[in-house]
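Notes for the one structure printed next.
The values are calculated or read from the model by the stated rules, or taken from the named source; none is laboratory data. Keep in mind that this is a model prediction, so the values were computed, not measured. Ideal geometry is used to build each Cβ from the backbone, glycine not excepted, and the neighbour counts take in all protein chains shown.
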Amino acid sequence: MDVFWDNGYANTTLDDLMAGTKVGRQSLYDTFGDKRSLYLQALNEYRTSTQAAMRALFASELTIQECFRTMLFGICEETRAQHERGCLLLSANLERNTQDKDVAAIVRRNQSEVGAIFENAFRDAQRSGQLAREKDPAALASFMLAALQGMRQAARAVSDRTSPFP
């Protein structure tokens, strides 16, 4: 996963993957299949791990506001190297050929699942009285998803705490 995250799919070589996995060529093929299969597995692993972290955050004792503040300020507090690395799934989506249905499906699935995580968190916040009943959890979830992804992409382009614009 880290090799693809650092290099992108197109720039990752078999030698990079062998070095990153510490597995020889034949073992790499026997274990993971080809480069493409390994890439799709890496994207799914990233999706699973980032969603698990979000679920854990929302399951904590923090309020809904504190959870989203943690995510938003977490991006702000990352290093320049972390900003340049960005989000593996956002990078995969931007790098992919528009005809690549496999990567598109993983990205769409992630969007849907993260949106559902956020929407459920907003619904829980309504039930606990942290969020007014008249607020629309689905709309708030869509907004926060777009805001977080926008911040992540903007930070990758310009990691400068003194000015948001180059």
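Among residues of segment 106-131 that are touching a residue at least 40 places away in the same chain (Cβ under 8 Å) and more than 30 Å from Glu95 (Cβ to Cβ), those with a beta-carbon under 8 Å from a residue that is assigned to a loop (DSSP other than H, G, I, E, B) and of a type outside the set (Ser, Thr, Tyr) at least six positions away or on a different chain give the pairs Phe122/Leu131; Phe122/Lys135; Ala125/Leu131. Out of Arg55, Arg47, Arg108, one residue alone is surrounded by fewer than 15 Cβ atoms within 10 Å (Cβ to Cβ), modelled with pLDDT of 95 or more and closer than 23 Å to Ala154 by Cα. It is Arg108. For first residues located in segment 55-66 and touching a residue at least 40 places away in the same chain (Cβ under 8 Å), partners that are in a helix (DSSP H, G or I) and loosely packed, with under 11 Cβ neighbours inside 10 Å and lie 6+ apart or on another chain with Cβ distances below 8 Å do not occur. Of all residues in segment 73-93, those satisfying the criterion of being in a helix (DSSP H, G or I), under 13 Å from the mean Cα position of the chain (by Cα) and in contact (Cβ under 8 Å) with a residue 24 or more places away in the chain are Ile75, His83, Arg85, Leu88, Leu89, Leu90, Ser91, Ala92.
Any chance segment 25-32 includes a residue that's among the hydrophobic types (A, V, I, L, M, F, W, C), exposed (fewer than 15 other Cβ atoms within 10 Å of the Cβ) and more than 21 Å from the chain's Cα centre (by Cα)? No, because not a single residue in segment 25-32 is among the hydrophobic types (A, V, I, L, M, F, W, C), exposed (fewer than 15 other Cβ atoms within 10 Å of the Cβ) and more than 21 Å from the chain's Cα centre (by Cα).
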